[in-house]
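Every number in this text was worked out from the coordinates using simple rules, so none of it is lab data. Given the structure is predicted, the values throughout are model-derived calculations rather than measurements. Cβ coordinates were reconstructed from backbone atoms using ideal geometry, including for glycine residues, and neighbour counts include every protein chain displayed.
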């Protein structure tokens, strides 16, 4: 390939060749191998990156402790002891859900007898509610309130004065014509 007749690769393609040579087109790869200018530019960039890497390694602080990666555990999502605990918990839940509850079954009772018992308790409850609606204060405390007696103390008469009996209005004398209107 003649370098004078072909244009040279730009710097982006040369950098891409450093990262992934297979990412270039076939004619660009051939040009990079045949052209001494482009190959020299690629070697220069490689040397600069290598020097940068050496400088970074020299300037980086040393780790306090060696770095150790955990061993690969492919296909194992839980350690064996945790799998055993999970299986036991799953079995306990299955037993609780599927076991017939023989201890908690109610004793069968005649339906008519049960309905009569419910009716009697309902009537007793309703009568107690009615009594509380009429007078919510228990009879033991009724004497303490003094509500049975009429108010007669001076303070009550001062606050709520007695209303006098209404006085009947007198009708005016009849007019002439004998019509009396009141």
Taking a spot 7 Å from the Cα of residue 47 along the direction of its beta carbon, which residues of the stretch 20-35 have an amide N less than 20 Å from it?
32-35
Would you list 114, 59 from fewest to most Cβ contacts within 10 Å?
59, 114
Simple SL model, points at 7 angstrom along Cα→Cβ for residue 12 and residue 34; separation in nm is 2.4
